[in-house]
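Below is one structure, written out as structure tokens; the observations come after it.
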Amino acid sequence: MKKTKKLFATAAALGALATFSVANAAMITEWDQTNVTPRPSTDELYPGGVGYAWDAWNYIEPGYLTDPNTGAVSADGFMPSGWAKYSVGSGAISNAAGTVVGAMTWKERDTQGPGLSIVNGDDVTGDNCIMSAGWNPDSTVVLDGDGNDITEMSDYWGVDIKQCSDPFQSSKRFKSVSYMIDTPLDLTFNTTNNGQTEEYRLLMKYGNQTGSRVTGFTMQLGFVDASGNFTEAGPSDGLSFCSRNGNNYDYTVPTTSDIMKQGELDALQAHGLFGAPDKHHDSYGYFNPYVRATFLMTANQTHIVASDMAAVHTDLFGEWLPSSNLKGGLYFDADSIIYTDNILMASCPGNYDEEAGTTGVATADCDQACADNLGCDAPWVTYRESVNITTDPVTGDWIIPAVVGTDIRQPIELTTAELDAIKANPAWSTGAIDDLANVNINAFVNVSDLNQDSFTLRVTPTFDESTATTEPGTAGPADFEITIDAPNTVIP
């Protein structure tokens with residue numbers, strides 16, 4: 001928990017979704033939501049229509065909660081959410097023709113609507129960033145050297161507004177998704193000139209909800225006119241993607257992510273799926289414990305092209321999977337808290353139907369044998385040493401079998417006895433591996449004095465069948481059933 005003096009009035013700042021530094025005037029003032037339509041939270045999906053469940057973790061001081069849809073400030077001290085899995089908010093993002101092409105999404109706990117905020121002058125580092133909206137989940141009581149409580153109102157969770165320097169894995173990334181392949185998604189930002197160049201870190205999670213495989217995507221900086229026409233910025237227009245140290249990428253000579261530091265120019269899939277331990281992670285990725293799954297990022301001054309998904313991903317799944325056809329997983333809940341991440345222990349190498357897997361009832365895509373097999377039409381496998389979880393006799397901690405990785409051994413099938421034990425244990429559950437449809441984007445943007453009062457970040461998902469890798473067991477790289485109902489589907 002950081003102990004600093006806040007430079008803003010909490011409720012007002014969250015309502016505006018921008019914070020301002022006294023010493024360093026902002027260049028980006030706000031996310032322009034002209035093309036965004038707030039949609040009701042999907043908490044009505046809670047089974048049986050139970051509604052909001054009381055959640056002690058969500059208590060905050062009365063009067064400091066902003067409703068994500070109306071902007072109204074609450075009178076009580078509880079979040080309007082219970083189980084995070086079923087309590088999701090979104091804003092539909094439309095193009096100039098009025099077609100919904102994507103969404104901004106968020107889980108209503110420490111993240112709040114409209115899902116994105118601008119920080120000018122982080123309250124610890126002074127940095128600028130474009131990040132999620134909400135509160136620092138690591139907020140807690142602050143004690144002085146003598147153990148006296150010196151907590152200020154601005155230190156409490158629900159009041160301590162998110163900052164660029166908040167702890168790792170504190171829901172800092174805003175979550176945007178695309179619904180249509182080869183169709184741009186525009187995020188427009190209002191600006192004010194201050195006679196200097198401001199650098200912003202882009203803390204973004206981008207989701208493939210197109211219903212199609214994706215071989216890459218482009219990110220462009222530019223301007224949208226009154227008719228909705230986009231023009232990519234020129235070399236002298238005051239916009240640039242840049243390295244962490246603020247050096248602009250060249251307008252014509254590209255810089256690739258494979259020569260940059262991690263966190264500077266990336267499009268990474270979740271470490272829990274792929275990757276070796278590092279300074280932020282003490283565990284190994286489930287599918288590959290050595291190598292991260294990434295797109296190659298090629299950056300110029302005003303555009304970045306993501307392509308060439310890493311072989312550790314394509315060798316297993318082909319090109320980037322959409323949210324409508326994900327692989328299935330078996331998860332173990334190690335802390336008995338529903339809204340924290342559970343541990344991926346096994347996976348479905350075939351087709352997976354989450355509805356049939358969770359209800360045990362056959363669907364059009366999963367017969368009763370498939371439903372009885374927890375929604376998988378093939379034998380479940382594990383990339384771990386086993387699925388047999390034990391406890392430490394001294395500490396009582398769970399001992400999770402290590403990930404092996406296909407470099408050493410192919411995944412092994414679960415036995416009937418193991419699957420029966422999993423079905424009988426309420427600490428286990430099945431669900432789609434959602435992070436296969438997401439990538440974490442790291443980039444930096446320089447904004448100088450502009451000739452107009454806004455600019456646009458355009459993201460476009462693409463599919464190139466001529467370069468695509470085929471998923472093992474499918475007829476071709478485009479062999480996917482498109483089932484998504486874009487305007488009504490939100491997967492955070």
Picking from 151, 133, 120, whose Cα lies most toward the positive end of the charge dipole for segment 99-174 (charges on Cβ: Lys, Arg +1; Asp, Glu -1)? 133
Tell me, what ³J(HN,Hα) does each residue in segment 178-184 have, in order and in whole Hz, if you take phi through Karplus 6.51 cos²θ - 1.76 cosθ + 1.60 with θ = phi - 60° and put x for Gly and Pro? 9, 9, 9, 5, 6, 10, x
Using the charge dipole of segment 328-398 (Lys, Arg: +1 at Cβ; Asp, Glu: -1 at Cβ; taken about the Cα centre), state which of 361, 382, 371 has its Cα farthest towards the positive end. 382
Counting sequence-distant residues (5 or more places) and residues on other chains, those with an amide H built under 5 Å from that of residue 320 are 214
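Using the beta-carbon distance between residue 408 and residue 378 and R0 = 35 Å, what value does 1/(1 + (r/R0)^6) give for FRET efficiency, to the nearest 0.05?
Numbers: r = 22 Å, r/R0 = 0.63.
So, using R0 = 35 Å, E works out to roughly 0.95.
Pull out the extension gain between residue 97 and residue 151, defined as 0.36 nm times the separation in residues minus the alpha carbon to alpha carbon distance; nm, one decimal.
Working: separation 54, 0.36 × 54 = 19.44 nm, distance 5.01 nm.
Using 0.36 nm per residue and subtracting the Cα-Cα distance, I get 14.4 nm.
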HN-Hα J in Hz across segment 326-335 - Karplus 6.51, -1.76, 1.60, θ = phi - 60°, x for Gly and Pro: 8, 7, x, x, 10, 10, 10, 8, 7, 10
Using amide H atoms built in the peptide plane, which far-off residues or other-chain residues are under 5 Å from residue 404 H to H? 384, 385
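Quick one: 312, 253, fewest Cβ neighbours within 10 Å first, how do they rank?
Values: 312 23, 253 8.
Result, fewest neighbours first: 253, 312.
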Using the Karplus equation 6.51 cos²θ - 1.76 cosθ + 1.60 (θ = phi - 60°), what ³J(HN,Hα) coupling, rounded to whole Hz, does each residue of segment 114-125 give in order, writing x for Gly and Pro? x, x, 9, 9, 10, 10, 10, x, 3, 6, 10, 9
Could you pull out every residue, at least 5 positions away or on a different chain, whose amide H is within less than 5 Å of the one on residue 275? Hs are placed 1.01 Å off N in the peptide plane, and Pro or chain starts have none. 285, 288, 290, 291
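Just how many % of Cα pairs in segment 327-432 lie over 19 Å apart, if you round to the nearest whole percent?
Values: 2437 of 5565 pairs.
Result: 44 percent of Cα pairs exceed 19 Å.
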C-alpha center-to-center spacing [segment 430-476, segment 168-245] in angstrom: 10 Å
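No lab work stands behind these numbers, since they all come straight from the coordinates. Fair warning: this is a prediction, and the values are worked out from it, not measured in the lab. As a convention, Cβ positions derive from the backbone with ideal geometry for all residues, glycine included, and neighbour counts pool all protein chains shown.
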